[in-house]
Amino acid sequence: MDNTTHDLAGNTVWRMGFGAMQLPGPGVFGPPRDRDTAVAVLRRAVAAGVNHIDTAQFYGPDVANDLIHDALHPYPEDLVLVSKVGATRDATGSWLPAQRPEELRAGVHANLKSLGLESVHVVNLRRHPGSVVPLDEQLDAMIELREEGLIGGIGLSSVTLDEYRLARSRTEIACVQNAFNLADRSGQDVLDATRDDGVAYVPFFPLGSAFNAENPVLGAASVTGAARRLGVTPAQVALAWLVHLAPNVLLIPGTSSPSHLEENLAAAEVILDQAALDEIG
Ligand SMILES: NC(=O)c1ccc[n+]([C@@H]2O[C@H](COP(=O)([O-])OP(=O)(O)OC[C@H]3O[C@@H](n4cnc5c(N)ncnc54)[C@H](OP(=O)(O)O)[C@@H]3O)[C@@H](O)[C@H]2O)c1
């Protein structure tokens with residue numbers, strides 16, 4: 001392994017991965033605007049060396065997983081698919097918690113079915129804020145699923161430092177996926193802990209997310225200024241900044257656009273100078 005790769009549940013992955021949440025229709029609900037382009041984006045990512053794709057059965061629902069299956073199955077040997085459980089969608093697309101142990105199990109089975117796998121490489125337990133289901137009970141369920149061979153590794157998503165520490169004291173944790181970007185560093189404590197432990201940290205919303213009317217990352221003056229000066233794009237500055245933060249950070253920028261994908265892949269080559277790092281702070 002070198003600085004461009006990291007371990008993920010016993011697999012060596014390129015730190016530049018891909019997030020599949022932008023592939024379904026608007027609001028991560030229903031079919032893609034352009035199915036052929038979505039398939040092409042997935043194939044291009046893998047052809048360019050991406051071997052870590054983040055997804056969820058509840059993206060669509062089933063749309064992201066079906067696209068991954070149709071575009072990439074039979075999967076390359078080294079491709080690590082990471083999914084998540086803990087939520088579901090209703091008929092209108094609203095996001096609902098599905099936190100109980102039996103719902104986590106049903107979520108894993110739904111992922112196995114749509115991805116066409118006998119075991120999902122890694123499944124993140126996505127904690128719902130204020131979940132009434134004790135983390136210990138959820139971990140029991142995840143450990144059982146791993147022992148049965150239905151998942152390869154257990155990840156955590158949207159967890160606090162205490163929750164991360166509790167989970168690590170119970171079992172091996174493959175990765176943590178929390179919201180983090182240069183405009184929202186509220187999860188710095190969890191990032192620091194994973195770095196100390198050598199556990200993969202996968203920031204979601206690396207580019208500021210699709211949910212904001214005004215993007216707090218790509219529109220930040222420090223980012224646009226550095227991008228102009230270095231002759232790169234704001235997205236490349238945002239991604240290079242995350243790579244620079246710690247060697248255990250793995251990127252999963254989300255896009256449905258072939259040109260954005262190329263930009264994001266090329267960010268792996270971008271190195272920020274001290275002036276840019278100082279400006280971003
Ligand atoms: N664990 C969780 O609860 C959780 C929550 C959210 C997300 N995730 C995962 O994290 C991944 C990343 O998060 P995200 O997709 O929500 O947000 P993001 O990567 O921060 O941003 C995605 C937004 O940025 C745009 N974009 C992508 N590349 C760009 C570029 N080069 N230049 C300009 N705009 C660009 C996308 O639009 P275009 O499609 O037009 O490029 C989209 O609007 C998701 O795909 C998903 O796999 C996990």
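Each reported figure results from applying straightforward, stated rules to the coordinates on display, with no laboratory input. Keep in mind that this is a model prediction, so the values were computed, not measured. Quick reminder, even Gly has a Cβ in these numbers, built from the backbone with ideal geometry, and neighbours come from all protein chains shown.
Each stretch of four or more DSSP H residues adds -39500 (n - 2.57); spread over every residue of the chain, this sum gives -11500 deg cm²/dmol at 222 nm. Extension gain, residue 186 to residue 221: 0.36 nm times the residue separation minus the Cα-Cα distance gives 10.6 nm. Seen against the Cα atoms of the chain and their longest principal axis, helix 63-72 is set at about 80 degrees.
Starting from the Kirkwood radius over alpha-carbon pairs of the chain, derive D by Stokes-Einstein at 20 °C in a medium of 1.002 mPa s and give it in µm² s⁻¹. Show your work: numbers first, answer last.
Working: Rh = 18.9 Å.
The diffusion coefficient I find is 114 µm²/s.
Spherically averaged projected area of the convex hull of Cα atoms, the stretch 219-281: 4.3 nm². Multiplying the residue separation of residue 132 and residue 262 by 0.36 nm and removing their Cα-Cα distance gives an extension gain of 42.6 nm.
Quick check: the angle from helix 188-197's long axis to the longest principal axis of the chain, C-alpha only, nearest 10 degrees? On a 0 to 90 degree scale, this one is about 70. Dimensions of the stretch 20-137 from C-alpha coordinates, computed as largest minus smallest value along each principal axis and given longest first, are 42, 31, 21 Å.
Between residue 274 and residue 172, the modelled label-to-label distance comes to 4.1 nm, taking each label 7 Å out from Cα in the direction of the beta carbon. Inter-part distance, the stretch 56-111 to the stretch 175-230, computed on C-alpha centroids, equals 24 Å.
Output the peptides 144-156, 206-218 sorted from most to least packed, where packing is the average of other Cβ atoms within 10 Å over each peptide's residues. Can you show the working numbers first?
On the way: 144-156: 19.5, 206-218: 16.3.
With the highest mean Cβ count within 10 Å placed first, the list reads 144-156, 206-218.
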